[in-house]
Amino acid sequence: MSNTDFVLAIEDLTVSFDGFKAVDGLNMYIDHNELHVVIGPNGAGKTTVLDLICGKTKSSSGSIKFKNRELTKMPEHQIVRAGVGRKFQTPSIYENLTVYQNLEVSYPAGRSVWGSLTFKRTDEVIERVNKIAAEVLLTDLLQTEAALLSHGQKQWLEIGMLLMQDPELLMLDEPVAGMSAKERDQTADLLKRICQNRSMLVIEHDMEFVKQIAHKVTVLHQGKILAAGTMDKIQANEKVIEVYLGH
Ligand code: ADP
């Protein structure tokens, strides 16, 4: 497969903070419909990789191509528009709005240029809200105020809010942190379903969860790739056990 066939192709990516290389010569590729998980010890550079992809941090050198478009020089809002959605660890939902309204205002035209919220009840938006609500298991809670949702449901709502923007690549930072075992299993099914027509890059520490969802795993250590491959291969890798899994 040529590198131009991947949804995301990261090549020789480096970022230095005051001479310290947080990400050092990274090469990483994500295919269509691939659910790719990044693991590694604290400080390995995982969050920085996501920051670089979404434009929050600018690289020192190297390339990030999303559907063959170079992202390293693009401002954050343009990267979102190009089809990259990022969810941070803490949910950023509107607590005082209903689930329905949260999804509605996340439709690309649902927010005015001044940042105020606009509600656009066109047939297209209504249809999309209902479709996404079903996808993230919130159909029965559409009229519920977001503040009343469980921790897990808030995480799903935020994933739904990202899906309203129809991203082709979804990036999630520890999506099951703090969830119950049942919610974790439901989230695994949810992410696998989403990946049927999108690609996903997930940072995760919960190895049981990683086993459930990952098509491919990259292990980062000190800004570099320590190992990459299927979870079965990663689990048997002695270097990975030594620096991460064995702890
Ligand atoms: P991880 O997500 O794997 O825990 P991070 O990507 O958050 O690791 O951080 C990798 C390293 O880069 C850490 O040593 C961290 O302190 C450093 N780092 C990250 N962002 C910055 C920044 N903006 N300025 C200086 N150092 C940073």
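The values are calculated or read from the model by the stated rules, or taken from the named source; none is laboratory data. Predicted model only: the values in this text are computed from it and were never measured. Cβ atoms come from the backbone with ideal geometry, glycine included; neighbour counts cover every protein chain shown.
Residues in segment 215-229 that are on the phi > 0 side of the Ramachandran plot and within 14 Å of the ligand (Cβ to nearest atom): Gln222, Gly223.
Inside segment 17-108, counting only helices (runs of 4 or more DSSP H) that do not spill past its ends, which hold 3 or more residues that are crowded, with 19+ Cβ neighbours inside 10 Å and within 16 Å of the ligand (Cβ to nearest atom)?
Answer list for segment 17-108: 46-53.
Of the numbered criteria (1) touching a Leu at 6+ places or on another chain (Cβ under 6 Å); (2) within 16 Å of the ligand (Cβ to nearest atom), the one Val210 fails is (1). Gln155 satisfies every condition listed in (1) buried (at least 21 other Cβ atoms within 10 Å of the Cβ); (2) under 17 Å from the mean Cα position of the chain (by Cα); (3) modelled with pLDDT of 95 or more except (3).
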